[in-house]
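Notes for the one structure printed next.
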There are 2 protein chains.
Amino acid sequence: MDRNQLTEEESSRRVNIMGLLLNCAVFLLVVIVCSGWQDDGNYDGRLSDSDPISLWPLPQKIQISAVAFKLSASSFQISHAKESSAGPGCNLLQNAFRRYFEYMFGSVKNEAKPRKKVFSSELTELQVWITSADPECDGYPSLKSDESYELSVDQPSAVLKASNVWGALRGLETFSQLVYEDDYGVNIINKTSIVDFPRFAHRGILLDTSRHYLPLRVILANLEAMAMNKYNVFHWHIVDDPSFPYFSRTFPELSQKGAFHPYTHVYTPADVKMVIEFARMRGIRVIPEFDTPGHTQSWGKGQKDLLTPCYSGSSPSGTFGPVNPILNTTYEFMGRFFKEVSTMFPDAYVHLGGDEVDFSCWKSNPDIQKFMEEHGFGHDYSKLESYYIQRLLDIVSSTNKGYMIWQEVFDNGVKLKLDTLIHVWMGNKAQYETETARVTAAGFHALLSTPWYLNYISYGQDWHDIYTADPQSFNGTEEQKKLVIGGEACLWGEYVDATNLTPRLWPRASAVAERLWSDKDVKDIGNAYGRLAQHRCRMVQRGIPAEPLFVGYCRHEYKGL
Amino acid sequence: MDRNQLTEEESSRRVNIMGLLLNCAVFLLVVIVCSGWQDDGNYDGRLSDSDPISLWPLPQKIQISAVAFKLSASSFQISHAKESSAGPGCNLLQNAFRRYFEYMFGSVKNEAKPRKKVFSSELTELQVWITSADPECDGYPSLKSDESYELSVDQPSAVLKASNVWGALRGLETFSQLVYEDDYGVNIINKTSIVDFPRFAHRGILLDTSRHYLPLRVILANLEAMAMNKYNVFHWHIVDDPSFPYFSRTFPELSQKGAFHPYTHVYTPADVKMVIEFARMRGIRVIPEFDTPGHTQSWGKGQKDLLTPCYSGSSPSGTFGPVNPILNTTYEFMGRFFKEVSTMFPDAYVHLGGDEVDFSCWKSNPDIQKFMEEHGFGHDYSKLESYYIQRLLDIVSSTNKGYMIWQEVFDNGVKLKLDTLIHVWMGNKAQYETETARVTAAGFHALLSTPWYLNYISYGQDWHDIYTADPQSFNGTEEQKKLVIGGEACLWGEYVDATNLTPRLWPRASAVAERLWSDKDVKDIGNAYGRLAQHRCRMVQRGIPAEPLFVGYCRHEYKGL
């Protein structure tokens, strides 16, 4: 058999890959370049996770041609197009160029002087062309950021066109995913044309650093993995009942007393800044959550009188409940605290929590009872909760932040600004669909998380259900559907820490990533399996210990422990 | 408050720890040495995984006294007792001394000259005293090895007494677990007396290197973790349907064609030797499993005519079934193959599998049908299976190995030697208890795995069920109970590879370890929780990414990714 011909197995495998691309492609003709060495029976396709070309999440429109180019570390470069509004002074892009060069070629150094002789079948350049006057090199991504891009891979240069750096980052990821190794280890890319944009503007991951402290390197590694999956929001559930690792300059006692350890288990301002900058470099927003009035046991250790004293009969029991909503000192504290938060975190939104408030302690406390009476709340403690939240929202609004809140705040009828993001997390499928319909019918923006609580695990390929859930699958008008701005995968921290977080999250969170980025019709599990298996091998090769989907192997297995 | 006094919280916490030790202790009096710095509220006991002293698995008899000694890296040494039959020439012990020194003191070097001045409250020496004439320094552990030891921690020297190196290894692990850091970071050990021995002789872990290839470093790291949990058998399920990573000198085509990759995804003879020696150094036997006649798809790629051709109607379908039991070439192959295996693996046992044989391919094949007729098997294909197994057992017996087999071989009535180990793995609790009763009633030795398939996962603290299962909980005589020689935790490889294997296995496998080592009455979940949480933090500190049991933290969090 001619080694330059495809084996039957390879042909069928590639037709299969291309079949899925066809779903979205206007034009498609593929005969992938020469291959050999696979006809010895060791790569039988069935078990291999290392087929070439796997795009994840799948772009909106793709054309891949038969023509293929080689890439060489010694001659290939990523550069700024002449017409681009960004240049070498754009640190964010320079940083991304280096990162993607390393993903494609390993850590080999680009030679100072590219070699003169270039083969006709070689691609030597990717030009990045930022079209809008302000490339936003030094800005922060936002809910309104334009992440669309167009990518044309052809000679003499591949061109990546985007209105600003955020789209360019997404396009660089796609470009790097188009590059594959042939059987000689040569990097290959096909002539390709892509037009791409996200289906939803808010595509997030929640990590919980209160139930277990996550060392910085774990957070940073997951930001890397998020960029590989075109996620754009890191929802940092930074404090909760078990610990308060956020070091507050204004109230240092909060972490001094409330963290698992005041030095080794806290996030200093420098740490927080590093996370935000690392995320910004990857087009990822950092939205901190400071959940009140419940989930605040750890706050009480460093802030006297903040929590409600619970009573046993007529005397204090020594335990404490939610934030005490009847004291002026509470609101003074919140004012100063959220003032600091608003300057520490540049994003336009802060998540205020508001979930799972247990009323039993409030009920036990005679001062609270008196307050309820005075304010005509009767025995409806959700009115007291609303009273607290209302005042908190006014405080946060005064810092010029928008807010996200868990669905209970909406359910309890708290008066909310129309730009509030309602985070849906409760119930089964029917329940979260009903909730999303209600939220959007009321004119609010909705975010879905219910089907994406990735802390829940089960035996087998549980990514199927994760993949098939859709934030817009509810009864509602087109207007309502448009109010759904995306969703978040949540990894609550009861059972995860630095030892197991990353493989538990990836590639399961990749399934959510495709749902939130790609066209709604991209939903075939079989097609997804092949690409996702390869995508996870790519993450592994890039140093992310993403766990396997099923039996098989990666050409480059995980090198850490 | 005097910083040298215990806080109330600390006292109660320690009483709690000691309460559980009391279960097994003849004499107990504990007032742990000075502590400070904890009365600031950051260590509230509830959430801390880092309390001092946690023995896992719990020794058989313990006395811990109030008297405590300091240990210093610069003066402490582990040495051979004058009366010991082992000395510095015993490489296994020297290696263990270094390993446990590093666990206790980190990688700081022991000063060449211990300092002269020693404080009266200091312990400067652990003497290891091997009492039998042959310490077995260069031997391999076996099913009959004596792993008992006695440990006395007192001045002027702690003494660890064991009949041979295998007991000494277990005692060194226990000694290292007795050492804890006080709040100043000083290493402390209490005056202690321990008499210890395992409840069961066979305490194993099965890893599967066929469904995913496991790099050597993953196998070695898990051998380290096994030693920390007093496991003594590594059941290496080395090949199976998906891949054949064992490099056979006699039949190199098996891995050349049957491995995921012929170079990067195989275990060479040097690799296998390294695993065996690394295991031996830790008192761990390596029992390879070469499962036939089913589970052999990968064998067929490199060995022509080994598998049964399946038929579709009157012609071969192109697919293959189990090993072909009707050809003499099959038995010639097996003879040569197991001859090699018997020299490569020093253990007295080899696991021959024999599970899940699918008869449909045999049924479809006209040559097999004819053979069945000739041998008067009728349509009972389990008779054909027995015919194969019988011949295979004769072959393996001729290499002077004993064998382990999965329960089906016993269930199908194959004639077995009385020293055969029957591995129970099927059914629910009632079913595996019945099976164990049947196996032992027939006079065979039994090993339990059914409740310990750790590849199955679920949300939450699934170690509870793992912990409470007991290999002797079946209806049978005392004689029958004695025939149960232990059990194995199995981690089948469908969903695990280098990225996630270690945290998925640990500390869940630790629960099995205590069941198999400690007294049968050690079974209180609450007691176990506290010790296990600390034990997992110890594993983490030693570099094993064992996952958390629940909310909390370790003083020394995982340093890898």
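The values are calculated or read from the model by the stated rules, or taken from the named source; none is laboratory data. A quick note: this is a predicted structure, and the numbers were derived from the prediction, not measured. All Cβ positions, even for glycine, are placed from backbone atoms using ideal geometry, and neighbour counts span all protein chains on display. Ligands, DNA and RNA are stripped out before the accessible areas are found, and what is left, the full protein with its side chains, is counted by its heavy atoms. Shrake-Rupley method; radii C 1.70, N 1.55, O 1.52, S 1.80 Å.
Check A:Asp519 against each of (1) away from chain B (no Cβ under 14 Å); (2) within 18 Å of the chain's Cα centre (by Cα); (3) not in a loop (DSSP other than H, G, I, E, B) and name the one condition it does not meet.
Going through (1) away from chain B (no Cβ under 14 Å); (2) within 18 Å of the chain's Cα centre (by Cα); (3) not in a loop (DSSP other than H, G, I, E, B) one by one, A:Asp519 breaks only (3).
Go through the residues of the range B:511-526 one by one and say whether even a single one is of a type in the set (Lys, Arg) and open to solvent by less than 10 Å² (accessible area, probe 1.4 Å). Give the derivation first.
Narrowing the range B:511-526 to residues of a type in the set (Lys, Arg): B:515, B:520, B:523.
Remaining after also requiring open to solvent by less than 10 Å² (accessible area, probe 1.4 Å): B:515.
Scanning the range B:511-526 turns up at least one residue that is of a type in the set (Lys, Arg) and open to solvent by less than 10 Å² (accessible area, probe 1.4 Å).
Only residues that are assigned to a loop (DSSP other than H, G, I, E, B) and crowded, with 18+ Cβ neighbours inside 10 Å: list them for the range B:50-71, please.
Result: B:Ser50, B:Asp51, B:Pro52, B:Ile53, B:Ser54, B:Leu55, B:Trp56, B:Pro57, B:Leu58, B:Pro59.
Tell me yes or no: at least one residue of the range A:227-241 is assigned to a helix (DSSP H, G or I) and either touching a helix residue (DSSP H, G or I) at 6+ places or on another chain (Cβ under 7 Å) or more than 14 Å from every other protein chain (Cβ to nearest Cβ) (or both).
Looking for residues that are assigned to a helix (DSSP H, G or I) and either touching a helix residue (DSSP H, G or I) at 6+ places or on another chain (Cβ under 7 Å) or more than 14 Å from every other protein chain (Cβ to nearest Cβ) (or both), one finds at least one in the range A:227-241, hence yes.
Here is a yes/no grid of residues against (1) over 30 Å from A:Glu147 (Cα atoms); (2) open to solvent by 10 Å² or more (accessible area, probe 1.4 Å); (3) touching a residue at least 60 places away in the same chain (Cβ under 8 Å):
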residue: A:Tyr263; (1), (2), (3): yes, yes, no
residue: A:Phe290; (1), (2), (3): no, no, yes
residue: A:Pro309; (1), (2), (3): yes, yes, no
residue: A:Ser315; (1), (2), (3): yes, yes, no
residue: A:Phe320; (1), (2), (3): yes, yes, no
residue: A:Leu327; (1), (2), (3): yes, yes, no
residue: A:Pro346; (1), (2), (3): no, yes, yes
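Restricting the search to the range B:126-174, which residues are out of contact with any Asp or Glu (no Cβ under 9 Å at 6 or more places or on another chain) and open to solvent by less than 10 Å² (accessible area, probe 1.4 Å)?
Within the range B:126-174, B:Leu126, B:Val128, B:Val153, B:Ala168, B:Leu172, B:Glu173 qualify.
I need the full set of residues from the range A:475-500 which are away from chain B (no Cβ under 14 Å), open to solvent by 10 Å² or more (accessible area, probe 1.4 Å) and either under 30 Å from B:Pro548 (Cα atoms) or not in a strand (DSSP E or B) (or both), in order please.
A:Asn475, A:Gly476, A:Thr477, A:Glu478, A:Glu479, A:Gln480, A:Lys481, A:Lys482, A:Leu483
So which residues in the range B:363-385 are out of contact with any Phe, Trp or Tyr (no Cβ under 6 Å at 6 or more places or on another chain) and of a type in the set (S, T, N, Q)? Show your work before the answer.
First, the residues of the range B:363-385 that are out of contact with any Phe, Trp or Tyr (no Cβ under 6 Å at 6 or more places or on another chain): B:363, B:366-367, B:369-380, B:382, B:385.
Passing the criteria: B:Gln369, B:Ser382.
Can we say A:Phe260 is part of a loop (DSSP other than H, G, I, E, B) and within 13 Å of another protein chain (Cβ to nearest Cβ)? If you could, list the steps in order and put the result at the bottom.
Details: part of a loop (DSSP other than H, G, I, E, B): yes; within 13 Å of another protein chain (Cβ to nearest Cβ): yes.
Yes.
A quick yes/no check of all residues on (1) touching a residue at least 60 places away in the same chain (Cβ under 8 Å); (2) among the aromatic types (Phe, Trp, Tyr):
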residue: B:Phe359; (1), (2): no, yes
residue: B:Met372; (1), (2): no, no
residue: B:Gly378; (1), (2): no, no
residue: B:Tyr387; (1), (2): yes, yes
residue: B:Gln390; (1), (2): no, no
residue: B:Thr440; (1), (2): no, no
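One line per residue, one yes/no per condition, for (1) within 13 Å of chain A (Cβ to nearest Cβ); (2) closer than 20 Å to B:Leu92 by Cα; (3) of a type in the set (S, T, N, Q); (4) not in a helix (DSSP H, G or I):
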site: B:Leu151; (1), (2), (3), (4): no, yes, no, yes
site: B:Phe200; (1), (2), (3), (4): no, no, no, yes
site: B:Arg203; (1), (2), (3), (4): no, no, no, yes
site: B:His212; (1), (2), (3), (4): yes, no, no, yes
site: B:Phe251; (1), (2), (3), (4): no, no, no, yes
site: B:Gln256; (1), (2), (3), (4): yes, no, yes, no
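Could you list all residues from the range B:243-261 that are out of contact with any strand residue (DSSP E or B) (no Cβ under 9 Å at 6 or more places or on another chain) and either closer than 25 Å to B:Gly167 by Cβ or open to solvent by 10 Å² or more (accessible area, probe 1.4 Å) (or both)?
B:Arg249, B:Thr250, B:Phe251, B:Pro252, B:Glu253, B:Gln256, B:Lys257
B:Ser510 fails exactly one of the following numbered conditions: (1) closer than 22 Å to A:Ser243 by Cα; (2) polar (S, T, N, Q); (3) touching a residue at least 24 places away in the same chain (Cβ under 8 Å). What is the number of that condition?
Status for B:Ser510: all satisfied but (1).
Name the residue, out of B:Val239, B:Val218, B:Val233, that is under 13 Å from the mean Cα position of the chain (by Cα), modelled with pLDDT of 95 or more and among the β-branched types (Val, Ile, Thr). Can you show your working first?
Numbers: B:Val239 fails: under 13 Å from the mean Cα position of the chain (by Cα); B:Val218 fails: under 13 Å from the mean Cα position of the chain (by Cα).
After ruling out the rest, the residue left standing is B:Val233.
Confirm whether A:Leu532 is touching a strand residue (DSSP E or B) at 6+ places or on another chain (Cβ under 6 Å) and part of a helix (DSSP H, G or I). Lay out the reasoning, then the answer.
Values: touching a strand residue (DSSP E or B) at 6+ places or on another chain (Cβ under 6 Å): no; part of a helix (DSSP H, G or I): yes.
Judged against the criteria, A:Leu532 is not a match.
Going through the range A:544-558 one residue at a time, which ones are open to solvent by 20 Å² or more (accessible area, probe 1.4 Å) and within 8 Å of another protein chain (Cβ to nearest Cβ)? Please lay out each step first, then the result.
The first filter runs over the range A:544-558 and keeps only residues open to solvent by 20 Å² or more (accessible area, probe 1.4 Å), leaving A:547, A:550, A:555-557.
Once the filter is applied, which keeps residues that are open to solvent by 20 Å² or more (accessible area, probe 1.4 Å) and within 8 Å of another protein chain (Cβ to nearest Cβ), the range A:544-558 yields A:Glu547, A:Phe550, A:Arg555, A:Glu557.
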